[in-house]
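*Asks:* Input: one structure, supplied below.
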Amino acid sequence: MTDTQDNNMEMIVNSIKNRQRLIISYNDKTRCIEPHRCGRSVNGKLLLRAVQIAVIGETTIAEWRLFDVEKIESCMTDSMNFVPRHDIGYTESDQMIPEVICEING
């Protein structure tokens, strides 16, 4: 991993532990996410399962996304904390990330 990827990974892990939103640059777009699980796929790829938050007018849309950690161009913490998204289908048995490095508990 590059230094940037190492730094991003450290921020992701800390964000999961502290339940803090992240602002990431991914595929040339800025995204606000709530990270829930980070780990490796069966092929060894570093993946991040997170809720992507979009605000359109007065409506907030929250959708699950799977991110390739190596494609995250930049990463910074947001001052907003979050509550785990069990209400929209979070499961601790995510088959896409069988080797867990860090995940939300509870």
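The values are calculated or read from the model by the stated rules, or taken from the named source; none is laboratory data. The model shown is predicted, which means the values in this text are computed figures rather than measured ones. Cβ sites come from the backbone with ideal geometry, for glycine too, and all protein chains shown count toward neighbours.
*Asks:* For Tyr90, which of the numbered conditions (1) surrounded by 13 or more Cβ atoms within 10 Å (Cβ to Cβ); (2) farther than 19 Å from Asp6 by Cβ; (3) modelled with pLDDT of 90 or more fails to hold?
*Replies:* Result: Tyr90 fails condition (3) only.
*Asks:* Here is a further query. Being more than 18 Å from Glu99 (Cα to Cα), among the charged types (D, E, K, R) and out of contact with any Phe, Trp or Tyr (no Cβ under 9 Å at 6 or more places or on another chain) is the filter here, so list the residues in region 27-85 that pass it.
*Replies:* Filtering region 27-85 for residues more than 18 Å from Glu99 (Cα to Cα) gives 27-34, 51-64, 71-85.
Add one more test, that the residue is among the charged types (D, E, K, R), and what stays is 28-29, 31, 34, 58, 63, 71, 73, 78, 85.
Those that are more than 18 Å from Glu99 (Cα to Cα), among the charged types (D, E, K, R) and out of contact with any Phe, Trp or Tyr (no Cβ under 9 Å at 6 or more places or on another chain): Asp28, Lys29, Glu58, Glu63, Asp78.
*Asks:* For region 42-72, which positions are surrounded by 15 or more Cβ atoms within 10 Å (Cβ to Cβ) and basic (Lys, Arg)?
*Replies:* Arg49 - this is the single residue of region 42-72 that is surrounded by 15 or more Cβ atoms within 10 Å (Cβ to Cβ) and basic (Lys, Arg).
*Asks:* Gly39 is checked against (1) surrounded by 13 or more Cβ atoms within 10 Å (Cβ to Cβ); (2) closer than 20 Å to Met1 by Cβ; (3) of a type outside the set (D, E, K, R); (4) at pLDDT below 95 and fails just one. What number does that condition carry?
*Replies:* Looking at each condition in turn, Gly39 falls short on (4).
*Asks:* Now a separate question. Would you check if Thr4 is touching an Asp or Glu at 6+ places or on another chain (Cβ under 9 Å) and of a type outside the set (A, V, I, L, M, F, W, C)? Walk me through how you get there before you give the answer.
*Replies:* Numbers: touching an Asp or Glu at 6+ places or on another chain (Cβ under 9 Å): yes; of a type outside the set (A, V, I, L, M, F, W, C): yes.
Against the criterion (touching an Asp or Glu at 6+ places or on another chain (Cβ under 9 Å) and of a type outside the set (A, V, I, L, M, F, W, C)), Thr4 qualifies.
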